[in-house]
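To start, the structure under review is shown below, and the notes come after it.
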Amino acid sequence: MVRSRESLASSVRSRVPVLFAAVLLGACPSSPEEVGAGRALDAEGVQSSGVVGSDHAKVGETWWFALPVPHNISSEPIEITDVSLLHVPAGVKVLEYGAYDLDDTEGLPLLAREGEAETPDFARLENHADEPVRVAAGERSDIFYTVKLKVVAPPRGNARRCRFDYRQNGRSSSQELDCEVSLRVGPLQGT
């Protein structure tokens, strides 16, 4: 289990094998209009068996959580069109999603508290979330996705499971990946 117990941003260099997991849900559809279960993204990695988190979160804080870096293991390019965190517990609010270049953040900040010196200044970085992100066949993306989370009350569980929507060869596909973040509010840090 990967768990950050410090307030520093966690980071993994962009060229290190990175963090994935997926549930493969069946064959891709043959119709371009139909959305099917995709298989293009890598289903192995550290995030498939671990949780990033902090036991020192406070109500009112904002955190950035990095979703798995897309790694296209298929023989055709994909264009990622949307991402989302599927299970968000009571006490946590999704503020926004972003897509940032690994070089701009000097690595992958797995979990970072807003306002800390080691946390990238996401507001000043180019956000690629409004455009499809192309990932070549057999390549790992240089762009990673984040979700900005606000602790609004002591969380009642972990935020987990993320979905990547993408186009490949005229077909729209969706693939769920394992990802999980635990933000715990200590007994003296509640509301």
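The values are calculated or read from the model by the stated rules, or taken from the named source; none is laboratory data. Keep in mind that what you see is a predicted model, and the values were worked out from it rather than measured. Glycine also receives a Cβ, built like all others from the backbone with ideal geometry; neighbour counts cover every protein chain displayed. In case anyone asks, the SASA skips ligands and DNA or RNA and just uses the protein heavy atoms, side chains included. Shrake-Rupley method; radii C 1.70, N 1.55, O 1.52, S 1.80 Å.
Worth pointing out:
- Vicinal HN-Hα couplings computed from phi for the range 113-129 (Karplus, 6.51 cos²θ - 1.76 cosθ + 1.60; Hz; Gly/Pro x): 7, 4, x, 7, 4, 7, 7, x, 7, 4, 5, 9, 8, 5, 9, 9, 5
- Approximating the spin labels as points 7 Å out from Cα along Cα→Cβ, the residue 93-to-residue 163 distance works out to 2.3 nm.
- Label zone (residue 114, point 7 Å along Cα-to-C-beta; backbone nitrogen cut-off 11 Å) within the range 57-101: 60-64, 93-96.
- Overall dimensions of the range 52-118, expressed as equivalent-ellipsoid semi-axes from the Cα gyration tensor (√(5λ), whole Å, largest first), are 26, 16, 10.
- For the range 67-179: accessible area per residue (Å², 1.4 Å): 45
- For residue 95, the residues whose amide H sits under 5 Å from its own are 148, 149, 150, ignoring neighbours fewer than 5 places away on the same chain, with H placed 1.01 Å from N.
- Protection proxy ranking, highest mean first, for peptides 64-75, 85-96: 64-75, 85-96, where packing is the per-residue count of other beta-carbon atoms within 10 Å, averaged.
- In summary, the aspartates and glutamates within cross-link reach of residue 148, defined as a Cα separation below 12 angstrom excluding same-chain residues under 8 places away, comprise 61, 96, 114.
- For the range 124-187, the C-alpha radius of gyration sits at 1.47 times the compact-globule guess of 2.2 N^0.38 Å, with N the residue count.
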